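The values are calculated or read from the model by the stated rules, or taken from the named source; none is laboratory data. Small disclaimer: the values here were computed from a predicted structure and weren't measured. As a convention, Cβ positions derive from the backbone with ideal geometry for all residues, glycine included, and neighbour counts pool all protein chains shown.
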């Protein structure tokens, strides 16, 4: 049975954040809130935990996960960022965007796009998520929490507990969330290309 932590959305309790990170470091799979919806995540380099997420969400081995980072400095370690993209990232992180960038050698091969060698990266504008990432000291491998055969992400932590209490190690209750996806922007393209319109506004791309 999974653990269930109620963490304050504006003032995350440091004790619970540390306990949550301990679960992640032991190979756990967690459910946590972001600025767009609830997500499911694990350590970057834990293949068995990643495989568990694939099983829970019924994802193929071709599904590409998102690397969720704490800040721009961490993004620069895992992705190739030129001066133009640096300014864009600085302006729109944290926020409900997933940016496609070239992956560095720090990213495990199985997490990169097999042909383009890219990675999807984001910094969520959510205090619980950012507190987790800061305490963890490295990114999370993450995916929107869509349960099989459902079109929209999960929004209610109690319903998530009912559905997944025997499949994940921790559910973080940060209150009800939205049910939108992030906006995915491919920064490899010039000009940048919107691959999926979600919660994030894209009017800023018109003048790019």
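Counting the residues of the range 55-77 that are in contact with a helix residue (DSSP H, G or I) (Cβ under 7 Å, 6 or more places away or on another chain) and farther than 26 Å from residue 168 by Cα gives 2.
Has the range 52-67 got any residue that is in a helix (DSSP H, G or I), in contact with a strand residue (DSSP E or B) (Cβ under 6 Å, 6 or more places away or on another chain) and farther than 16 Å from residue 124 by Cβ? Within the range 52-67, one or more residues are in a helix (DSSP H, G or I), in contact with a strand residue (DSSP E or B) (Cβ under 6 Å, 6 or more places away or on another chain) and farther than 16 Å from residue 124 by Cβ. Kindly check whether there is at least one residue in the range 78-89 that is closer than 22 Å to residue 169 by Cα, part of a loop (DSSP other than H, G, I, E, B), out of contact with any strand residue (DSSP E or B) (no Cβ under 6 Å at 6 or more places or on another chain) and at pLDDT below 95. Checked the range 78-89: no residue is closer than 22 Å to residue 169 by Cα, part of a loop (DSSP other than H, G, I, E, B), out of contact with any strand residue (DSSP E or B) (no Cβ under 6 Å at 6 or more places or on another chain) and at pLDDT below 95.
Yes or no, residue by residue, for (1) over 25 Å from residue 118 (Cα atoms); (2) touching a residue at least 40 places away in the same chain (Cβ under 8 Å); (3) within 13 Å of the chain's Cα centre (by Cα); (4) surrounded by fewer than 18 Cβ atoms within 10 Å (Cβ to Cβ):
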residue: 2; (1), (2), (3), (4): yes, yes, no, no
residue: 15; (1), (2), (3), (4): yes, no, no, yes
residue: 19; (1), (2), (3), (4): yes, no, no, yes
residue: 25; (1), (2), (3), (4): yes, yes, no, yes
residue: 47; (1), (2), (3), (4): no, yes, no, yes
residue: 75; (1), (2), (3), (4): no, yes, yes, no
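Within the range 21-45, the residues that satisfy the criterion of being at pLDDT 95 or above, more than 18 Å from residue 9 (Cα to Cα) and in a loop (DSSP other than H, G, I, E, B) are 26, 27, 28, 29.
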